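Engineer: The structure is given below, and queries will be raised subsequently.
The values are calculated or read from the model by the stated rules, or taken from the named source; none is laboratory data. Remember, predicted model here, so these are calculated numbers, not experimental data. Methodologically, a virtual Cβ is constructed for each residue, glycine included, from the backbone with ideal geometry; neighbour enumeration extends over all protein chains shown.
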Amino acid sequence: DTEVTQTPKHLVMGMTNKKSLKCEQHMGHRAMYWYKQKAKKPPELMFVYSYEKLSINESVPSRFSPECPNSSLLNLHLHALQPEDSALYLCASSQDPGHEAFFGQGTRLTVV
Amino acid sequence: QKEVEQNSGPLSVPEGAIASLNCTYSDRGSQSFFWYRQYSGKSPELIMFIYSNGDKEDGRFTAQLNKASQYVSLLIRDSQPSDSATYLCAVLGGSSGTYKYIFGTGTRLKVLA
């Protein structure tokens with residue numbers, strides 16, 4: 001089983017809203033990732049959690065706030081987003097940071 | 001120079017032919033190499049990974065790695081229309097010691113029926 005589950009699949013939010021994206025895996029993976037992908041571009045790394053600790057933050061604006069409540073869950077809290085933040089947000093996990101990563105199906109976010 | 005380079009395509013091949021996708025990388029310390037397939041509007045799907053020089057085969061797919069030339073390729077034999085997608089090359093690890101995937105921009109493959 002290589003399943004990473006993301007909810008919701010689609011999200012439309014206003015610029016003053018607060019929302020959260022959720023990601024869950026039950027493969028015992030100890031590294032989890034958030035990526036952002038715009039149309040016709042490759043995934044762009046945002047955050048890496050390794051053993052439940054934030055290990056990489058790619059200078060992401062503070063309106064994106066990650067959280068790793070336990071080894072199976074990863075959240076991305078969104079607040080005061082801009083229309084240019086509209087994108088496909090992808091969660092991924094790997095056995096540890098040095099191994100192959102498996103992606104969830106993504107959340108299509110539209111900021112209006 | 002981009003860290004991971006791929007020809008954006010589209011690469012068009014007839015059904016049943018071999019599709020050859022190429023990727024070069026700039027960091028000589030890179031350790032692990034991955035190929036993902038991404039259909040339009042979907043998330044990337046891992047299809048191959050390779051860590052050592054040489055070839056690695058899995059069904060219709062063969063990954064080839066040449067660390068001296070900093071080159072990794074993916075061959076798809078007996079290409080099918082369902083193989084039409086964007087193929088992303090990803091490179092992990094490197095001289096910095098941090099475990100970050102660096103993706104190429106992807107090659108769009110079209111398999112013509």
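Engineer: Looking at B:Lys110, is it over 27 Å from A:Thr107 (Cα atoms), more than 9 Å from every other protein chain (Cβ to nearest Cβ) and in a strand (DSSP E or B)? Steps first, please.
Structural biologist: On the way: over 27 Å from A:Thr107 (Cα atoms): no; more than 9 Å from every other protein chain (Cβ to nearest Cβ): yes; in a strand (DSSP E or B): yes.
It is false that B:Lys110 is over 27 Å from A:Thr107 (Cα atoms), more than 9 Å from every other protein chain (Cβ to nearest Cβ) and in a strand (DSSP E or B).
Engineer: Here is a list: B:Leu92, B:Leu46. Which entry is touching a residue at least 40 places away in the same chain (Cβ under 8 Å), surrounded by 12 or more Cβ atoms within 10 Å (Cβ to Cβ), within 26 Å of A:Gln6 (Cβ to Cβ) and touching a strand residue (DSSP E or B) at 6+ places or on another chain (Cβ under 8 Å)?
Structural biologist: Going through B:Leu92, B:Leu46 in turn, the sole match is B:Leu92.
Engineer: Would you check if B:Asp78 is touching a Leu at 6+ places or on another chain (Cβ under 9 Å) and modelled with pLDDT of 95 or more?
Structural biologist: Here the answer is no, as B:Asp78 does not meet what is asked.
Engineer: I'd like to know if the range A:77-91 contains one or more residues that are assigned to a loop (DSSP other than H, G, I, E, B) and without any contact (Cβ under 8 Å) to a residue 40 or more places away in the chain.
Structural biologist: yes
Engineer: Which residues, taken from the range A:85-110, are more than 21 Å from B:Ser40 (Cα to Cα) and either more than 7 Å from every other protein chain (Cβ to nearest Cβ) or of a type in the set (A, V, I, L, M, F, W, C) (or both)?
Structural biologist: Start the filter on the range A:85-110 by keeping residues that are more than 21 Å from B:Ser40 (Cα to Cα), which leaves A:93-100.
Once the filter is applied, which keeps residues that are more than 21 Å from B:Ser40 (Cα to Cα) and either more than 7 Å from every other protein chain (Cβ to nearest Cβ) or of a type in the set (A, V, I, L, M, F, W, C) (or both), the range A:85-110 yields A:Ser93, A:Ser94, A:Gln95, A:Asp96, A:His99.
Engineer: Among the residues of the range A:59-84, which ones are on the phi > 0 side of the Ramachandran plot and surrounded by 10 or more Cβ atoms within 10 Å (Cβ to Cβ)?
Structural biologist: Here is the first cut: in the range A:59-84, the residues on the phi > 0 side of the Ramachandran plot are A:59, A:80.
If the condition is that a residue be on the phi > 0 side of the Ramachandran plot and surrounded by 10 or more Cβ atoms within 10 Å (Cβ to Cβ), then A:Ala80 is the only one that fits.
Engineer: State whether the residues of the range A:5-26 include one that is within 12 Å of chain B (Cβ to nearest Cβ), under 30 Å from B:Leu109 (Cα atoms) and assigned to a loop (DSSP other than H, G, I, E, B).
Structural biologist: Yes, some residue in the range A:5-26 is within 12 Å of chain B (Cβ to nearest Cβ), under 30 Å from B:Leu109 (Cα atoms) and assigned to a loop (DSSP other than H, G, I, E, B).
Engineer: Continuing with this model, one more query. With B:Asn22, B:Asn7 as the choices, which residue is assigned to a strand (DSSP E or B) and either exposed (fewer than 15 other Cβ atoms within 10 Å of the Cβ) or in contact (Cβ under 8 Å) with a residue 24 or more places away in the chain (or both)?
Structural biologist: Details: B:Asn7 fails: assigned to a strand (DSSP E or B).
None of the others qualify; the one that does is B:Asn22.
Engineer: Additional query: If you check B:Val13 against the conditions, is it modelled with pLDDT of 95 or more, of a type in the set (Val, Ile, Thr) and either closer than 25 Å to A:Gly106 by Cα or touching a Cys at 6+ places or on another chain (Cβ under 9 Å) (or both)?
Structural biologist: Numbers: modelled with pLDDT of 95 or more: yes; of a type in the set (Val, Ile, Thr): yes; either closer than 25 Å to A:Gly106 by Cα or touching a Cys at 6+ places or on another chain (Cβ under 9 Å) (or both): no.
Here the answer is no, as B:Val13 does not meet what is asked.
Engineer: In the range B:25-37, which residues are over 10 Å from B:Leu65 (Cα atoms) and more than 9 Å from chain A (Cβ to nearest Cβ)?
Structural biologist: Across the range B:25-37, the qualifying residues are B:Tyr25, B:Ser26, B:Asp27, B:Arg28, B:Gly29, B:Ser30, B:Trp35, B:Arg37.
Engineer: Show me the strands (runs of 3 or more DSSP E) entirely contained within the range B:27-102 in which 3 or more residues are within 25 Å of B:Pro10 (Cβ to Cβ).
Structural biologist: Working: elements: B:32-38, B:45-50, B:54-58, B:61-66, B:71-76, B:85-92.
Ranges flagged: B:32-38, B:45-50, B:61-66, B:71-76, B:85-92.
Engineer: Right, something else. Of a type in the set (Val, Ile, Thr) and under 10 Å from the mean Cα position of the chain (by Cα): does that describe A:Val112?
Structural biologist: no
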